[in-house]
Amino acid sequence: MKLKIIKIFTILISTSLFFLSLSKNAVTIDYHGIKSVPSLDYFFMGSIAILGGGVLEEVIWLANPLCLISIFLLLMDKKSSFKLSLSALILSISFSFWKELLGAESGSPAKIISLQLGYYLWVISILILTIGTFAYFKFEEKEFDYL
């Protein structure tokens, strides 16, 4: 029963924070003036960033499908879900070291002024997924040790 609660709590909190992050701004950039960009824009544009020359942006965006696959694998009790969520976490945190990103489809760069709440909520949602997945499988091992 404890394991089921950990699994459900992990998935609910992680996905709730992810959807909350989509309602907030992700970054403030300097591209033809300083502006804040909503997370939802990057969520939808991230999948096609490679078409505008944003190969690295595409790689970072892959954290989203990795999390989704990780959730499905967690629901099926597959330990590989932890590796996927950890990979997504590393990708999402690596974005914080960027100085610029794709500003337009033309391939022009935009300077990153600051990271906003949407970005941090996104990373926290992945962090919770990773920690919860780790805890789930750690407790699962201990539960089987007693049998």
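Miscellaneous remarks
Listed here are the residues, each with its yes/no results for (1) more than 13 Å from Leu129 (Cβ to Cβ); (2) under 11 Å from the mean Cα position of the chain (by Cα); (3) polar (S, T, N, Q); (4) surrounded by 14 or more Cβ atoms within 10 Å (Cβ to Cβ).
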| residue | (1), (2), (3), (4) |
| --- | --- |
| Pro38 | yes, no, no, yes |
| Leu56 | yes, no, no, yes |
| Ala63 | no, yes, no, yes |
| Ile69 | no, no, no, yes |
| Phe95 | yes, yes, no, yes |
| Glu100 | yes, no, no, no |
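- Residue within the range 4-14 that is more than 17 Å from Ile126 (Cα to Cα), more than 17 Å from the chain's Cα centre (by Cα) and open to solvent by 70 Å² or more (accessible area, probe 1.4 Å) present: yes
- The range 24-65 - residue that is within 17 Å of Leu117 (Cβ to Cβ) and out of contact with any strand residue (DSSP E or B) (no Cβ under 8 Å at 6 or more places or on another chain) and, of those, modelled with the highest pLDDT: Leu40
- Residue selected from the range 17-31 under the condition in contact (Cβ under 8 Å) with a residue 24 or more places away in the chain and assigned to a helix (DSSP H, G or I), by the criterion most open to solvent (accessible area, probe 1.4 Å): Leu20
The values are calculated or read from the model by the stated rules, or taken from the named source; none is laboratory data. What you are looking at is a predicted structure, and each value in this text was computed from that prediction instead of being measured. For neighbour counting, all protein chains shown are included, and Cβ atoms are generated from backbone atoms with ideal geometry for every residue, glycine included. Note: areas computed on protein heavy atoms with side chains; ligands, DNA, RNA excluded. Shrake-Rupley method; radii C 1.70, N 1.55, O 1.52, S 1.80 Å.
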